[in-house]
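What follows is a short report on a single structure.
The values are calculated or read from the model by the stated rules, or taken from the named source; none is laboratory data. Nothing here was measured: the structure is a model prediction, and the numbers come from that model. Neighbour counts are summed over all protein chains in view; Cβ atoms, including those assigned to glycine, are modelled from backbone coordinates with ideal geometry.
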Amino acid sequence: MLLPAVVLVLVYSYYPMFGAVIAFEKFSAFKGMFKSEWVGFANFEYIFKMPEFPVVIRNTLIIAIMKIIGNLTVPLVIALLLNEVMSNLVKRGIQTLIYLPHFLSWVILAGILKDVLSPSSGIVNQALSFFGIDPVFFLGDNHWFPFVLVGTDVWKEFGFNTIVYLAALTAINPALYEAALIDGASRWKQTLHVTLPGIAPIIILLATLSLGNVLNAGFDQIFNLYSSATYDSGDVMDTFIYRIGVVNAQYSISTALGLFKSAISFVLISTSYFLAYRLANYRIF
């Protein structure tokens, strides 16, 4: 029964790892992977000297960290607010509405966002012009573009994490709320001293596991929204690797970049699982 799954993992996850050798070669498609000239760490020295490399690292860290913070705090606040809604019909209706964007691809959402945020005909800029504010080129301005990325990513994904928090809220013993009410605690005090401590392990778990995504700023979203005008603020590791490897056909350089990112991600993921185990008693088996 396990054989088909094992074969798929070996073919699609482990076999491609042999391609990492290209990072240490001056790869030629005509000579192949095993006959290309070996250059050692020359490709890594080259990428570390590229003027774009520090900018890409900076953009990746800034965008990824902002997304992590937003995707932890916004769902928590929404879950706490929904927990106070007494009507199950209203609560389930809101849950469904905020969860729907999670199922839409960034290809579809990018088309919608380009129309909504258009400086000439977008509804957002039309609303700004109504208040006498000049149109803003959200997808072409290096100042606004990172905030657009973070805001739209949080809008798309916060419904999923909200459900996770709501599930954690159901595990809190109702007797604790009754005891707090008898002691004269207000709804805010109950939230502060009963609700938040009750879901603290889940908050810690999601926060620590998110450390592994520090270098994953979201290729699908950025690739469908950015342009050459926003490279200075929106170009991240994944899009940079794509342009070098696929567009410019510099396979050795792009493989070296990918291997560098994978090595750092491996350390971050290992650290996040270790912290999740120590702080929230999380196990992957």
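Of all residues in the range 85-103, none satisfies being surrounded by 17 or more Cβ atoms within 10 Å (Cβ to Cβ) and assigned to a loop (DSSP other than H, G, I, E, B). For the range 92-128, a tally of residues being of a type in the set (Ser, Thr, Tyr) and touching a residue at least 24 places away in the same chain (Cβ under 8 Å) returns 2. Being part of a helix (DSSP H, G or I), within 24 Å of the chain's Cα centre (by Cα), at pLDDT 85 or above and surrounded by fewer than 17 Cβ atoms within 10 Å (Cβ to Cβ) is a condition met by no residue of the range 118-140.
Taking each residue of the range 23-44 that is touching a residue at least 12 places away in the same chain (Cβ under 8 Å) and within 23 Å of LYS261 (Cα to Cα) and looking for partners that are loosely packed, with under 14 Cβ neighbours inside 10 Å and among the charged types (D, E, K, R) with beta-carbon atoms closer than 8 Å, six or more apart or interchain, yields GLU25/GLU37; LYS26/GLU37.
Taken together, the criteria place ASP220 among residues that are assigned to a helix (DSSP H, G or I) and under 25 Å from GLU157 (Cβ atoms). Looking only at the range 141-168, which residues are aliphatic (A, V, I, L, M) and either within 21 Å of ILE69 (Cβ to Cβ) or at pLDDT 90 or above (or both)? The answer is VAL148, LEU149, VAL150, VAL154, ILE163, VAL164, LEU166, ALA168. Cβ-Cβ contacts under 7 Å between residues 6 or more apart (or on different chains), taken from a first residue in the range 63-89 that is touching a residue at least 12 places away in the same chain (Cβ under 8 Å) and under 13 Å from GLU157 (Cβ atoms) to a second residue that is among the acidic types (Asp, Glu) and surrounded by 18 or more Cβ atoms within 10 Å (Cβ to Cβ), are listed as LYS67/ASP153; ASN71/GLU157. State whether one or more residues within the range 234-252 are touching a residue at least 24 places away in the same chain (Cβ under 8 Å), surrounded by fewer than 17 Cβ atoms within 10 Å (Cβ to Cβ) and either among the aliphatic types (A, V, I, L, M) or closer than 27 Å to LYS156 by Cα (or both). Looking through the range 234-252, none of the residues is touching a residue at least 24 places away in the same chain (Cβ under 8 Å), surrounded by fewer than 17 Cβ atoms within 10 Å (Cβ to Cβ) and either among the aliphatic types (A, V, I, L, M) or closer than 27 Å to LYS156 by Cα (or both). Candidates in the range 212-221 are the residues that are touching a Phe, Trp or Tyr at 6+ places or on another chain (Cβ under 9 Å) and surrounded by 18 or more Cβ atoms within 10 Å (Cβ to Cβ); of these, the one that is modelled with the highest pLDDT is GLN221. Of all the numbered requirements in (1) hydroxyl-bearing (Ser, Thr, Tyr); (2) over 28 Å from PHE27 (Cα atoms); (3) touching a residue at least 24 places away in the same chain (Cβ under 8 Å), THR255 misses one, and that requirement is (2).
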